[in-house]
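Notes follow once the structure below has been shown.
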Amino acid sequence: MQRIGVFVCHCGTNIAGTVDVKAVAEALRYEPGVVISTEYQYMCSQAGQDMIHEAIRENNLTGIVVCSCSPRMHEATFRKTAQSAGLNPYMVEIANIREQCSWVHKDMEIGTEKAIILGRAAIAKVNLNAPLTPGETPVTKRALVIGGGIAGIQTALDIADAGFPVDIVETKPTIGGKMAQLDKTFPTLDCAACILTPKMVEAAQHENIRILSYSEVQDIKGFVGNFTVQIKKKARYVKEDICTGCGLCTEKCPQKKVPNEFNLEMDNRRAIYIPFAQAVPKVATIDPNYCTMLKTGKCGVCAKVCTAKAIDYTQKDEIMEEKYGAIVAATGFNPISMKPFDEYAYSQSKDVITSLEFERLMNAAGPTGGKLLRPSDGKHPHTIVFVQCVGSRCSAHASKGKEYCSKICCMYTAKHAMLTRDKYPDTDVYVFYIDVRTPGKNFDEFYRRAVEEYGVHYVKGMVGKVSPEGDKLMVQASDLLADKQLHIEADLVVLAAAIEPDMSARPLATMLTASMDTNDFFTEAHPKLRPVESPTAGVFLSGACQGPKDIPETVSQAGAAAAKVIGLLAKDKLKGNPCVAGSDEWMCNGCSSCERVCPYGAITYVTKEFRMPDRTTALRRVAQVNEAVCQGCGACTVACPSGAMDLKGFASSQIMAEVDAICK
Amino acid sequence: MQMTEFKPKIVAFCCNWCSYAGADLAGNNRLNYPAEVKIIRVPCSCRVNPMFILRAFQRGADGVILCGCHPGDCHYTSGNYYTRRRMALLFSMLNFLGIEKERTRVEWVSAAEGAKFAATMNDFVAQITALGENKRLEDLRCKK
């Protein structure tokens, strides 16, 4: 039998104004298990806490009920008080007689009656409370960042600067991500490479950062503080530590017709290649799909010209297993495929391009050396039409496109338009838009400059059709403000394609048991208050994998994610929430129902030997809850058909005792 | 002699993260709702076993309402989806058990919706009061 103390708070007149606190204390004195029941002006004050402290000591209390304000307010306070008096903090229950009683009822009699019932329910619950101790697990003081774009690089740098080792896993042969492909960045128009490449080098040279480029995460096991990750280092057929990145092999390779993905296949590269001049690590990679030596065994030119003897045609994929305490997803985004949008003639004309392709065309290191030339005939375009929201903000019922706003297109289109007019003032630039959204620092000023200073024609309305005619592109569009149809003879059409999460995000989320929204963006633990954490403990989100973002936002989110990781890695041991699920192994029938509903993957099945009657033993498959992973939602407790699964602190018996007390 | 006014007994299960906070907000804003509503805090609406609801009816509750985070906002990401399915199933069986379906309800109340919480409770209590006492499932052995 518990020895329970009941403490009723006046909260000045907040409670005492509508609830007869003396009557409540008196009525609760005779509830089962109660040995002392008293009231006081302010329980949360030092004097009130001292009173509880004394009462616990004097009466050898095993549990207390505080009838006061919401547990969201002072549960932690009273738990500390209980702990200081030698009582387990989880033997404290709060009856919320302020927010849910005195403040919502006006009548003293009604308020008092309800307060007594709420007190009774809390007493009934605490009678069944058991002391709980949060479990402790050690933390592997090392972080994994998945994705080596600006988000991943920034997160890794910030974590590494705090003194923790970080690995960056990048599927491409180089880090840098999408930002490395950009020409200039809005709203300041500084060149992307000039601000990104120093960061790439810094990451490569940082003593705490290891870059695993051309690698993929294959499997993730474990939980917060203790992840075990399998990483596949793909064979690049070049010894990374020996290659000097001189680039001689990439000039001599006879296989010249390989579409260059870095330039979005607008030009060709060799079968052995370095993606771009500032690549990190600056190491050549052989593309096994095109290398004649790897395919037929006849060639070997690169090996012959390599003075460092770095070429190794026998290299194999390598699987490594590493341990981490925290994982950051920074998988980024891609423009969506333009295939379903054939009204814009993307597949019919080379002169209909996406904005990212335009970015490469404008880039000094791009296929045209920074000259704006039409991909079809290499001529300078005189009329350019930009189409906004291609695939963004589509109706939920449309068969194609995304419902959300891709957020960055308005600004980069303004940038493209401005840069074009700046470099080629003889060019007519039209931008067709639904809305122009510029809610960032200096964003609207930037857009207005494009219109006012650079004379870009902004037209509200959508393009209906683009049809190639000769070497021209006939653009049919509507001008909604002038209420008329427009026919423009364009030389180049640029589509602001919507962005979507990288394809690798979905399988990664499955491995991490992290949740995603319907668009495959990672979901954050709380949209406002925990925006860089995944609901799965130990998993953090950085950059566009969480939602469309521009560079400044990505960098700030990357830093925020790093701060959260550092906070986690700085701990030697993790204290969990003790209100977790637990299964009664004797009742468990091994059906896996709980495992299937657990949003965290906290439940695993083990086969255990049980002693049975008559000195026999039996092997049975039973559920086991990993207390470090369980968040205590209780979904499994309801799914369990045999009643083996229960939630500590919110046990079925406790909740039913509350139900009984309320219905009495 | 006039009958005493019927005061229904109503159990409200509220998830810790949204609806319980919503109820607190209703209190902070001093939004009145009937005292017949007694709240039980659960970590997530998906912690509520349909058994708890039947138990409440058995013990003499006249109405049971279950409040959770809005779909998509669950603190545990998917708990309220489980709730929605489980309760759809339970509610579809209630008539068969002899309980009016209207005695139960699932509502999504966020931590910011104090006003919605109070309005929901006012509405629910009015609905239950109109239905009258729950006699069908009440276990007479539990009557004091």
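Before moving on, here are some points about what is shown:
- Among the criteria (1) within 17 Å of B:N122 (Cα to Cα); (2) more than 7 Å from every other protein chain (Cβ to nearest Cβ); (3) over 14 Å from the mean Cα position of the chain (by Cα), the one B:N95 does not fulfil is (1).
- Filtered residue count, the stretch B:21-40, keeping only those that are more than 7 Å from every other protein chain (Cβ to nearest Cβ) and buried (at least 24 other Cβ atoms within 10 Å of the Cβ): 2
- Residues in the stretch A:31-55 that are among the hydrophobic types (A, V, I, L, M, F, W, C) and within 10 Å of A:F7 (Cβ to Cβ): A:I36, A:M43, A:M51, A:I52, A:A55.
- Neighbours by Cβ (under 6 Å, 6+ apart or cross-chain): first from the stretch B:41-57, closer than 10 Å to A:F650 by Cα; second part of a helix (DSSP H, G or I) and at pLDDT below 95: B:R41/B:Y20
- Filter pass, A:I195 being within 30 Å of A:T354 (Cα to Cα), touching an Asp or Glu at 6+ places or on another chain (Cβ under 9 Å) and in a helix (DSSP H, G or I): no
- Hits in the stretch A:69-95 (condition: in contact with a Gly (Cβ under 8 Å, 6 or more places away or on another chain) and without any contact (Cβ under 8 Å) to a residue 40 or more places away in the chain): A:S70, A:L87, A:V92, A:E93, A:A95
- All positions within the stretch A:517-548 that are within 21 Å of A:V597 (Cα to Cα) and without any contact (Cβ under 8 Å) to a residue 12 or more places away in the chain: A:D517, A:T518, A:A525, A:H526
- For the stretch A:542-551, the count of residues that are basic (K, R), within 30 Å of A:Y90 (Cβ to Cβ) and assigned by TED's automatic domain parsing to the domain that holds A:F227 is zero.
- Number of positions in the stretch A:395-444 that are part of a helix (DSSP H, G or I) and among the polar types (S, T, N, Q): 2
- The one condition in (1) within 14 Å of chain B (Cβ to nearest Cβ); (2) free of Cβ contacts under 8 Å to residues at least 40 places away in the same chain that A:I36 fails to fulfil: (1)
- A:A203 vs. criteria modelled with pLDDT of 95 or more and part of a loop (DSSP other than H, G, I, E, B): no
- Within the stretch A:66-76, at least one residue is within 13 Å of another protein chain (Cβ to nearest Cβ) and within 21 Å of B:I10 (Cβ to Cβ).
- Only helices (runs of 4 or more DSSP H) whose full extent lies in the stretch A:15-107 are considered here, and the ones with at least 3 residues that are acidic (D, E) are A:46-59.
- Within the stretch A:557-604, tally of residues that are surrounded by fewer than 16 Cβ atoms within 10 Å (Cβ to Cβ) and of a type in the set (S, T, Y): 2
- If you filter the stretch A:80-115 down to residues that are surrounded by 20 or more Cβ atoms within 10 Å (Cβ to Cβ) and more than 14 Å from chain B (Cβ to nearest Cβ), you find that the one that is nearest to A:M1 (Cα to Cα) is A:M91.
- Filter pass, A:D502 being closer than 22 Å to A:Y404 by Cβ and away from chain B (no Cβ under 14 Å): yes
- For the stretch A:482-528, a residue qualifies if it is among the acidic types (D, E) and surrounded by fewer than 17 Cβ atoms within 10 Å (Cβ to Cβ), and the qualifying residues are A:D483, A:E489, A:D517, A:D520.
- Among strands (runs of 3 or more DSSP E) entirely within the stretch A:453-514, having at least 3 residues that are under 29 Å from A:P425 (Cβ atoms) and over 34 Å from the mean Cα position of the chain (by Cα) singles out A:457-460, A:463-469, A:472-479, A:484-490.
The values are calculated or read from the model by the stated rules, or taken from the named source; none is laboratory data. Predicted model only: the values in this text are computed from it and were never measured. Ideal geometry is used to build each Cβ from the backbone, glycine not excepted, and the neighbour counts take in all protein chains shown.
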